[in-house]
1. Need one number for the stretch 404-521: average projected area of the convex hull over its C-alpha atoms, nm².
2. Going highest first, how would you order 275-288, 335-348 by mean Cβ packing within 10 Å?
3. Order 393-403, 61-71 from most to least packed using the mean count of other Cβ atoms within 10 Å.
4. FRET efficiency for T740 and R45, Cβ-Cβ distance as r, R0 = 30 Å, nearest 0.05?
5. Where Lys and Arg each count +1 and Asp and Glu each count -1, what net charge lies around K91 among other residues with Cβ under 15 Å from its Cβ?
6. With the convex hull built on the Cα atoms of the stretch 491-554, state its orientation-averaged projected area in nm².
7. Ordered by packing density, taken as the mean number of other Cβ atoms within 10 Å over each peptide's residues, highest first, how do 265-273, 137-145 rank?
8. Using 21 Å as the Cα-Cα cut-off, could you pick out the over-long pairs in K190/K233; K700/K746; K391/K687?
Amino acid sequence: MKRTLLMLACLGTLGAARSFAAGMLIPKDASIPPLAIESQRVDIRIKDGVATAKIEQVFRNSVGRDLEAVFIFPLPANASISDFAMMINGKRMSGELVEKGKARGIYEDIVRRMKDPGLLEHIGGNLFRISVFPVPANGLQKIELEYSQTLAFDGGLYTYVYPLKTGERASRTLADFTVSVRLNSSLPIKSVYSPSHKVGITRKNDQEAVIGFEEDQALLDRDFVLYYTVSKKEFGLNMLTHAATNDKGFFMMMLAPSMAAPGAVMPKDVTFVIDTSGSMAGSKIEQTRKALEYGVKKLNAGDRFNIIRFSTDVEPFRPALTAVSETNRAAALAFIQATEARGGTAINDALAAALTMDYDPMRPAIILFLTDGRPTVGETAPDAILGSLGKGNGAKARIFVFGAGTDVNTHLLDQIAGQNGGLSQYVLPDEDIEVKVSALADKMSNPVLARVRVEVDTLKTSMVHPTALPDLFSGDQIIVFGRYEGGGDSVIRLIGEVNGKTREFVYEGTFPRAQADNTFIPRLWATRRVGFLLDEIRLRGENAELKDEVIRLSREYGIMTPYTSYLVLENEQAYAQHGIDRHKAEGRASGDDKTSGQPLYAADLKEVFLDGTPGSAAPPRSVVPLFEAPAADAVAIDVETRSAYEVSASRVHSRGGKMGVGGGASAMREESGAQAVAMSKRIQEYKERDSVRNEVATVKYVGKKVFTLLDGRWIDNAFKKEMKTVTVTFGSAEYFKLLTDKPELKDVLALGSKVTVVLEDGTALVVE
């Protein structure tokens, strides 16, 4: 089992920000904050819906004396907990399992004492606590605990939650944080999915999977959530939804096949098209040879294949597709070793040759195309090349593209893949071609359902992403996001081809008119939608309709785009200094008012940045053109005009401002170079996004709301200064009564001790 590692660093000194992760070791001396986490390891075993978690936490006491402390471990709300055990320095100890009513009072006391509302998220759940003495001076305290719980189950879908974030600010362990999950099920496992973290998944068979995540220096800013589905059917299809009353709903579908037996895998036709021009000399051609060798060795008995080498000329391994056999495989490996890097780049001729192969309509047809340059021989016009491909691909072969280096035409390569049912990937100069090509060869090894589509009866769905579904391979899964209108039960049909014959699998699904759960779905849908729109703009040209939708989604869901920059102003005084109404920067996620409450436009800053005379007010710390997160705190603004954006960005840069990497709207027009490759990779990542992440430290997403941090306060982007406000003092009796009366606010108020949130009646609640 691969051990996955999430490196996190936390508060280590008395002056550090108070923050915790899962278990907390709180000194009884109220002047000392909770102890820093040196390391934490979580080992989870799930069998038939019962999860056992073994946790090892090591805390660091940075105080020069022994401490008496209380260890508190929040337990998931509504979790059925059993078999709780605890070890301190290897000795089994007895603690207290506190039921949720009494636990609420303990949580409230800690919130008052620490002035940290992070624990509010756990109100409603139980907790475990035990006294620990002595915690050695300037030393480490190791605590181990184990507990079991029965997982929530609904319609073939299990849900597991492990609490990570328990403080106002996300913590980082001083050393490491490891999470591994071993999943076993008597019923066949289909989909395995985490909306909270980008996890690695290893499927051993239908009954077993191993899950983990690794992310150096990552924030513990959200709980670990894992879904998995079980079904005896050949293909699993499960759905989660989110819907606000009187609005279109959101859905997420998980499609996954069984781990196929050898006889269930369809034979396939594969053509490798490899650039051997002069620019491939050196390590690139060596890596390409190894990648090709791996791809040929991964072919199954019954597959057919060919290899086409191209530079100035085009040379196939065989005149037609050839059957996989030991003799043909050995000959292919010899052909690969004989390739040399020389000549120009005849992309059009090479792809035309690949499309003339005798593909069997009963099989999936796959073309793997690798190049490190732009077309220089024969037809070189991108539109003409794309037109030829459109006419010549009668076999509907899926073309998967690898661009090696940055001297490639990303617009051309992305359209070659996108218009022919494949994907494009880019191998940067410091990356290994063999690794990326081999990963794709592994994934495509065993196709089980081709030309996949999903149909929903009696209900209108729209804006579904991905817009076209890929083929399904054994051990793989597809995550689909979309919108729906109305509600009710509906038949869902999964349709595809197996060995050239159409097969249909029928499922039942419920699309509720109102569903408050699964609030991660709208943002993931919006991220994929933004990726799709940006690709349309980048490859086909900008128009107002697409651009406006990108900006609207960016505002509403807090998504970074090339049309968005982040204005870095630290407080109210900085706004006043520049004569800027900061309320324009507080956002308006609702209504059509275009003059108040919107994110600040770069055009509004024009005079500020143009004023470079001695004695004038200093500019903001930075305006960062975003498609990558800024390093500093920032407030989102929209880049409405190219000229205003260029003026402001260049002015800040000339004054020492820190510019982001990845470029703004101008990078959308770049076809070649490092910026173009970075833009293509980022947009593709958006189109495939299936886990939520906060990409900017000063922008948080809670449920369907977006909050921006300004002057130490988290402000709802829907807030307008003319709104009626109600003020509540943090930690007061009124504050906790509000949480009792409106428990849905606990995740919002857990953001911090200063929060402004717009309530359902349009009133703004201000926590001071």
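1. 10.0
2. Output ranking for 275-288, 335-348: 275-288, 335-348.
3. 393-403, 61-71
4. 0.25
5. Counting the neighbours of K91, the net charge comes to -1.
6. Mean orientational projected area (the stretch 491-554, Cα hull): 7.5 nm².
7. Packing order, densest peptide first, comes out as 265-273, 137-145.
8. Those over the limit are K391/K687.
Each value in this text was obtained by applying a stated rule to the coordinates, not by laboratory testing. The structure presented is a predicted model; accordingly, all values stated were derived computationally and were not measured. Note that each Cβ is placed from the backbone with ideal geometry, even for glycine, and that neighbours are counted across all protein chains shown.
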